[in-house]
Amino acid sequence: MSVRVLHADQVLTGSGAALRSGSVVVDGAHIAWVGPTDHLPSDWRHPEIEQIPLPDATLLPGLVDAHVHLAFEATAPAETPPTGQAAAPSAEDRAIAAARQLVRAGVTTVRDLGAPGHLDLTSPAASGLPWPRVLAAGIPLTVPGGHCAAFGGAVTTTADIERVIAANAARGARWIKVMVTGGFTTSAGASPYTAQFTDAQLAAIVATAAEHGLPVAAHAHATVGIAAAVRAGVDSLEHCTWMSAEGFDLDHGLIAEIADRRIPVCPSINHLARAASGRLPWPVRRHQLQTMLDAGVQLIPGTDSGIPHTPHGCYPSSLAAYTDLGLTPGETIDMATRRNAYALGIGHRTGSLAAGMVADLLAVPGDPTRDLDLLDTPVLVAAAGELHHPDSTAEEHHS
């Protein structure tokens, strides 16, 4: 991998600076220099160094999707639960294909929050191809017969908890996922409206994960489950839909506690969220998100890609939903790059463009701080310095 110099009409560094006529020097997997093109040091103007002009384009940090499932089949019918994929012979191929779709969409980091057979921990690396950075959770913890129990993470005792977390950690997990409530895609007996674990069990999960140096992401739909996860001291809340069997129960006191504890919330907003009219209509969801945002809760964008009707690679199309909360396109981009990277514990490596950072970036036509839809058409993506030209991105992402 040689030195390359990328030149664009605009460079969004992620540190608050927007450079007009900027350049980024990529040396191997890292960024060597960022600045105005007319300040580019002469050493990198040498004719033997590859110069990549990107006229009428903006360079920005690679996108970070905080919630995906690489091994899931997004095109499966809604009535076909992801658990049925545990024994599918093509699950590894699906994970590799998902990673390919993501990087072509400009997504250079993902947090994979649950897969059968540790596929999220092995497949992209085993492919031998330079795909997105994967912060994987491995097999999620649940209860016998609970949400995603078919993945092999059912636990009851402290010994069970220690066994599953140790196995995930040994395989390289960067997060631990716990199904605090049931869900909608697996196991009819696992209700999304109730908590699956006792407080003592959740405390043991958080404590055991901490012994391995791992943060805990809590799947929680019901308000009672959100409250239980907060009491246990989890590090992120997933979905956080404030549901009850009777409807919705938005707890303002609990929201204030989430903000005070600085627990980020990944609401798993996909590209269809704004058109939703079913069990979680967009007006209801928008009010929940606005209430949390106004209270000081950090929202971290993620799509839950891989679940039915949520293909991998549609992350850019999901981000416009955040402008419904009053955020500007520029603020939304910052959430999906720099702020997400810091929330996931890797802001020192990626999420912004500066010398020494990993060369995760993308180029899009025009100015995405004026029009977020431009993120849907990347012209160049670099994942750890490896360049990708997403020629057929649109067809693959929206099939």
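The values are calculated or read from the model by the stated rules, or taken from the named source; none is laboratory data. These numbers were taken from a predicted model, which means no experiment stands behind them. Note that each Cβ is placed from the backbone with ideal geometry, even for glycine, and that neighbours are counted across all protein chains shown. Heads up: the accessible areas ignore ligands, DNA and RNA and are worked out on the full protein's heavy atoms, side chains in. Shrake-Rupley method; radii C 1.70, N 1.55, O 1.52, S 1.80 Å.
How many angstrom lie between the C-alpha centres of region 332-374 and region 264-320?
Cα centres, region 332-374 to region 264-320: 19 Å.
Please list, by residue number, everything in region 14-50 whose backbone N is under 20 Å from a paramagnetic label point 7 Å out along Cα→Cβ of R262.
15-16
Between T185, T158, T13, find the one with the highest GNM mean-square fluctuation for the chain; connect C-alpha pairs within less than 10 Å.
Residue with maximal mean-square fluctuation among T185, T158, T13: T158.
Rolling a 1.4 angstrom probe over the protein chains, ignoring ligands and nucleic acids, what is the accessible area of E331 in square angstrom, nearest 10?
Accessible area of E331: about 90 Å².
Using only Cα atoms, find the angle between the long axis of helix 223-232 and the longest principal axis of the chain, and express it within 0 to 90 degrees, rounded to the nearest 10.
Tilt relative to the chain: about 80 degrees.
In nm, to one decimal, how far is the modelled label at S21 from the one at H46, with both set 7 Å along Cα→Cβ?
2.6
Can you compute the FRET efficiency between T291 and T198 using 1/(1 + (r/R0)^6), with r the Cβ-Cβ distance and R0 = 25 Å? Round to the nearest 0.05.
Values: r = 29 Å, r/R0 = 1.15.
E(calc), rounded to 0.05, equals 0.30.
Give me the angle, in degrees from 0 to 90, between the Cα long axis of helix 199-211 and the longest principal axis of the Cα atoms of the chain, rounded to the nearest 10.
40
Suppose R0 equals 22 Å; then what is the FRET efficiency for S277 and T328 from their Cβ-Cβ distance, rounded to the nearest 0.05? Let's see the in-between values first.
Working: r = 27 Å, r/R0 = 1.22.
So, using R0 = 22 Å, E works out to roughly 0.25.
P(r) for the chain: what percent of alpha-carbon pairs falls in each 20 Å bin, starting at zero?
Per 20 Å bin, starting at 0, the Cα pair percentages come out as 29, 57, 13, 0.
Report relative contact order for the chain in percent, whole number only (criteria: Cα-Cα under 8 Å, sequence separation at least 6). Walk me through the numbers on the way to the answer.
On the way: 972 pairs, mean separation 81.2, N = 399.
Taking the mean separation of contacting Cα pairs over the length of the chain, I get 20 percent.
Could you tell me what percent of the accessible area of region 333-391 is made up of carbon and sulfur, with a 1.4 Å probe and every protein chain present?
Details: 990 of 2110 Å².
After summing per-atom areas, the C and S share lands at 47 percent.
In the chain, what % of DSSP beta bridges are antiparallel (nearest 5)? Write down the numbers at each step before the final one.
Working: 30 of 61 bridges.
Of the beta bridges lying entirely in the chain, close to 50 percent run antiparallel.
On a 0 to 90 degree scale, rounded to 10, what angle separates helix 282-294 from the longest Cα axis of the chain?
80
Which value, in Å² rounded to 10, gives the accessible area of I258 with a 1.4 Å probe and all protein chains present?
0
H46: accessible area at probe 1.4 Å, nearest 10 Å²?
90
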